[in-house]
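See structure below.
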Amino acid sequence: MTLKPLYLALILFAGTPVFAADPQQIQTLNDEALSLHSAGDYEQAEQRYQELLPLLKEHFGMGSIEEARIRASIADTQLARQHYEEAEQSYRQVLALLEQHHDTLLRADALNGLASALYLRRRYGQAEPLYLEANALLEAEPAAPVEQRLLVLDNLAALYQTLGRGHQARPYQDQARELRRNRP
């Protein structure tokens, strides 16, 4: 499975803060977490992300889209560290938060991550509909990044290959090949 860290830039002054958390502290922790994540130090990155959660709740309130993004990053680090059950729970939390927000790309990422956590635990029947939903969301989103689409297509193809259903893998492999060929 290919993993993709969820990189985000917190926009600290968009929206009205609920309380007075220090925006500079939030940005510093976020920058540190992103740097650690990029360097592959997932354990330390997760710690920084965890430190961010109460600050985000203080600044933006409970259940903000910023909280959903950080929880998705936490889930990504758990998946990268092969903590699949923890990652599954974290991705489910993200999806629950996204019921209050419309963010198609983040939802597709969370579905793909959850499906990957299930796939890696050999729960293929549960992973398949999540990969398919993520793919459908990305196909319907004109601004979906090519890399995000490729990740889901490759994961779908890998799932079907694992299940010995190469005939179902081929269309996803073909779509991925076409995207790679046509990307700038």
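The values are calculated or read from the model by the stated rules, or taken from the named source; none is laboratory data. All figures in this text were calculated on a predicted structure; none of them were measured in a lab. All Cβ positions, glycine included, derive from the backbone under ideal geometry; neighbour counts span all protein chains shown. Areas reflect the complete protein model, heavy atoms only, side chains present, ligands, DNA and RNA absent. Shrake-Rupley method; radii C 1.70, N 1.55, O 1.52, S 1.80 Å.
Annotations for the structure displayed:
- Looking only at the stretch 145-184, and only at residues there that are among the hydroxyl-bearing types (Ser, Thr, Tyr) and farther than 26 Å from Asp103 by Cβ, the one that is most open to solvent (accessible area, probe 1.4 Å): Thr162
- Residues that are more than 21 Å from Ala176 (Cα to Cα) and at pLDDT 95 or above do not occur anywhere in the stretch 129-143.
- Among residues that are crowded, with 19+ Cβ neighbours inside 10 Å, among the charged types (D, E, K, R) and more than 25 Å from Arg48 (Cβ to Cβ), Arg122 is not included.
- Matching residues in the stretch 156-171 - criterion: being in a helix (DSSP H, G or I) and in contact (Cβ under 8 Å) with a residue 24 or more places away in the chain: Leu156, Ala158, Leu159, Thr162
- The listed residues are Gln25, Gln44, and the only one of them that is in a helix (DSSP H, G or I) and surrounded by 14 or more Cβ atoms within 10 Å (Cβ to Cβ) turns out to be Gln44.
- All of Leu130, Leu153 fail the test of being within 18 Å of the chain's Cα centre (by Cα) and free of Cβ contacts under 8 Å to residues at least 24 places away in the same chain, apart from Leu130.
- Given (1) assigned to a helix (DSSP H, G or I); (2) touching a helix residue (DSSP H, G or I) at 6+ places or on another chain (Cβ under 6 Å); (3) open to solvent by less than 50 Å² (accessible area, probe 1.4 Å), number of the condition Gly63 does not satisfy: (1)
- Residue list for the stretch 80-92, restricted to those being open to solvent by 10 Å² or more (accessible area, probe 1.4 Å), touching a residue at least 24 places away in the same chain (Cβ under 8 Å) and assigned to a helix (DSSP H, G or I): Ala80, Tyr84, Glu85, Glu88
- Yes/no for Leu105 being closer than 17 Å to Glu133 by Cβ and modelled with pLDDT of 95 or more: yes
- Scanning the stretch 133-144 for residues that are in a loop (DSSP other than H, G, I, E, B) and surrounded by 14 or more Cβ atoms within 10 Å (Cβ to Cβ) yields a count of 2.
- Any hit, the stretch 111-126, residues being modelled with pLDDT under 95, over 15 Å from the mean Cα position of the chain (by Cα) and part of a loop (DSSP other than H, G, I, E, B): no
- Test: residue in the stretch 18-33 that is modelled with pLDDT of 70 or more, in contact with a helix residue (DSSP H, G or I) (Cβ under 9 Å, 6 or more places away or on another chain) and of a type in the set (Gly, Ala, Ser): yes
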